[in-house]
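Nothing in this text is a laboratory measurement; each read-out follows from the coordinates by a stated rule. The model shown is predicted, which means the values in this text are computed figures rather than measured ones. Cβ: placed from backbone, ideal geometry, glycine included. Neighbour counts: every protein chain shown.
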Amino acid sequence: MPEFADKYASYMIEKLRTSGASQQVIDAKLQQMKSFKAMYDNPFINAGITLFEPFPIGLIVTLISAAILRKKTTAATRDEGSAQLPVQQEN
């Protein structure tokens with residue numbers, strides 16, 4: 001969506017105007033939106049935002065899933081794993 005930043009800035013400014021904000025507040029928000037647009041137009045920053053926005057939630061879900069699905073070791077499986085294989089004798 002190449003025009004996302006422009007549409008978002010227009011929406012925010014219109015929202016401030018309808019709420020009755022002063023011209024100073026509108027100008028400050030307009031300046032903030034211009035800097036946001038400049039930052040968002042940089043493909044590296046845009047890719048970074050896109051990557052790291054869902055990352056914390058994905059990490060949490062992964063850790064919870066791993067904790068739930070973790071294979072629990074019991075005494076029987078622990079003993080089976082440590083059993084020695086029979087040694088073959090040479091003839």
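Which lysines have a Cα lying under 20 Å from the Cα of K34, excluding residues fewer than 8 positions away in the same chain?
Answer for K34, where 20 Å is the Cα cut-off: K7, K15, listed by chain and number.
Among the trypsin sites (Lys or Arg not before Pro) within segment 1-80, which fall in a DSSP loop and have no more than 11 other Cβ atoms within 10 Å of their own Cβ?
In loop regions of segment 1-80 (DSSP not H, G, I, E or B), the sparsely surrounded trypsin sites (Lys or Arg not before Pro) are R70, K71, K72.
Provide the gained length on full extension for the span Q31 to R17, in nm with one decimal, where the gain is 0.36 nm per separating residue minus the Cα-Cα distance.
3.5 nm
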